[in-house]
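The values are calculated or read from the model by the stated rules, or taken from the named source; none is laboratory data. As the structure is a computational prediction, the values presented were derived from the model and not from experiment. Positions of Cβ are backbone-derived with ideal geometry, glycine not excepted, and every protein chain shown enters the neighbour counts. Only protein heavy atoms, including side chains, enter the accessible area calculation; ligands, DNA and RNA are left aside. Shrake-Rupley method; radii C 1.70, N 1.55, O 1.52, S 1.80 Å.
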Amino acid sequence: MIETVVRKRIEILADAAQVKRVTKAIDNAGITGWTVTPVTSGKGRDGHWREERVMGTDKVFILTIAPEEKAMALAEELAPILGSHGLLLTMWDVQVIRGERF
């Protein structure tokens, strides 16, 4: 039977202009990897939105997986800018194979 371990999957929705700031925070938390993917549209409490490269407000998802203590360190570092920079941070438990990689 394959063994799995519990890790935190963290997704951060941010303006593309915030990628460097968020990925630096991920690195500062000691998390070894991340992935950035574009987001073309969505809907939130303020209604529908679409990517807007002309205005510089296109969105991205930044995904990473980490042990709980590193995930919480990341959340602590990003907490002061969540509201002011419109970030959405979610995290939940996932089962991973090869947990030593995360």
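Highest mean first, the peptides 74-81, 10-17, 87-94 sorted by other C-beta atoms within 10 Å per residue fall in the order 10-17, 74-81, 87-94. The modelled label-to-label distance between residue 9 and residue 85, using points 7 Å beyond Cα along the C-beta direction, is 2.4 nm.
Placing 41, 84 in order of accessible area, with the largest value first and a 1.4 Å probe, yields 84, 41. Phi-derived couplings, Karplus 6.51 cos²θ - 1.76 cosθ + 1.60 at θ = phi - 60°, listed residue by residue for the range 26-36: 4, 4, 4, 6, x, 7, 7, x, 7, 9, 10 Hz, with x used for Gly and Pro.
Against the chain, whose longest principal axis is taken from its Cα atoms, helix 68-82 shows a tilt of about 10°. Using a probe of 1.4 angstrom and keeping all protein chains present, the accessible surface of the chain works out to 67 square angstrom per residue. Counting only protein heavy atoms and a probe of 1.4 Å, the accessible surface of the chain is 53% carbon and sulfur. Rounded to the nearest whole Hz, the Karplus-based 3J(HN,Hα) values (6.51 cos²θ - 1.76 cosθ + 1.60, θ = phi - 60°) of the range 17-25 follow the sequence 5, 9, 4, 4, 5, 5, 5, 5, 4, with x at glycine and proline. Along the range 86-96 the Karplus relation, 6.51 cos²θ - 1.76 cosθ + 1.60 evaluated at θ = phi - 60°, assigns HN-Hα couplings of x, 7, 10, 10, 10, 8, 8, 6, 9, 9, 10 Hz to successive residues, with x for each Gly and Pro.
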